[in-house]
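One structure below.
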Amino acid sequence: MCLKYDKYRKVYINLRFKVNKKYIWILWVIFGIYLIIFLYATLFGHRSGSYYSDMTIGEYIARSVNLVPFKTISLYIKWIFDGNRYNNYIPLTNLGVNLILLFPMGFFLPNLFDRLRNFIAYLSTNILILALIETIQLITKRGSFDVDDFILNILGAIIGYLVWLLTVQIIASTKKKSHKRNNE
């Protein structure tokens, strides 16, 4: 049993939380379905039409690459608050989808891979996944290479990890209380 001491909350967190072995295959199947949806949304989605395929790579980069942090996010937020309610669907959808796209990784990766229970390893893995996806989108002209998408995706992954960690803490606390009652 590996216990980690959280000096800020002064509690012990059992990071060796085990998923019930007989349900692990279900988790793998759901993770596989999620990966298919993730890959479709990022690589084969709506921006894969002939409009971009007719452009040279230089034209494509000029039109669809954003390396300025918060440029797209601030544009969408401005768009939402300008009062044009008819078109709010586009910015809300883009912000929301990018935020929740990697949220499930916070549940799947730590449960399926013990090494990814470490936050730095988990975050590094998600950064590598996103860098690969964004690069493939750029090379294949199947989406935009946008640093704001990257920021929102990573934020969603971090929130997912924090929800997983909170769940583990609650389960550990419940088990500790149950164990304490049984020993009394």
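Going by the structure shown, is TYR5 aromatic (Phe, Trp, Tyr), modelled with pLDDT under 65 and outside any helix (DSSP H, G or I)?
yes
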Exercise. Is there any pair with a first residue in the range 153-173 that is more than 16 Å from LEU95 (Cα to Cα) and a second that is hydroxyl-bearing (Ser, Thr, Tyr) and crowded, with 18+ Cβ neighbours inside 10 Å whose Cβ atoms are under 6 Å apart and which are 6 or more apart or on different chains, and what are they?
Worked result: TYR161/TYR122
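Say whether the condition of being surrounded by 15 or more Cβ atoms within 10 Å (Cβ to Cβ) and closer than 18 Å to THR42 by Cβ is met by at least one residue in the range 169-176. Give the derivation first.
In the first step, residues of the range 169-176 are kept if they are surrounded by 15 or more Cβ atoms within 10 Å (Cβ to Cβ); the result is 169, 172.
Right, trim to closer than 18 Å to THR42 by Cβ and you get none.
Taking every residue of the range 169-176 in turn, none turns out to be surrounded by 15 or more Cβ atoms within 10 Å (Cβ to Cβ) and closer than 18 Å to THR42 by Cβ.
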Exercise. Which of (1) assigned to a helix (DSSP H, G or I); (2) surrounded by 13 or more Cβ atoms within 10 Å (Cβ to Cβ); (3) in contact (Cβ under 8 Å) with a residue 12 or more places away in the chain is the odd one out, the single condition LEU116 does not satisfy?
Worked result: (3)
Exercise. Which one is modelled with the lowest pLDDT, of the residues in the range 59-73 that are of a type in the set (A, V, I, L, M, F, W, C), assigned to a helix (DSSP H, G or I) and surrounded by 12 or more Cβ atoms within 10 Å (Cβ to Cβ)?
Worked result: ILE61
Problem set entry | Candidates ASN98, ASN94, filtered to the one that is assigned to a helix (DSSP H, G or I), polar (S, T, N, Q) and either in contact with a Phe, Trp or Tyr (Cβ under 7 Å, 6 or more places away or on another chain) or farther than 25 Å from ALA62 by Cβ (or both) | ASN94
Exercise. So which residues in the range 131-164 are buried (at least 19 other Cβ atoms within 10 Å of the Cβ), more than 17 Å from PHE70 (Cβ to Cβ) and of a type in the set (A, V, I, L, M, F, W, C), if there are any at all?
Worked result: ILE133, ALA157, TRP164
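The values are calculated or read from the model by the stated rules, or taken from the named source; none is laboratory data. Here the structure is a predicted model, which means the values were calculated and not measured. Cβ sites come from the backbone with ideal geometry, for glycine too, and all protein chains shown count toward neighbours.
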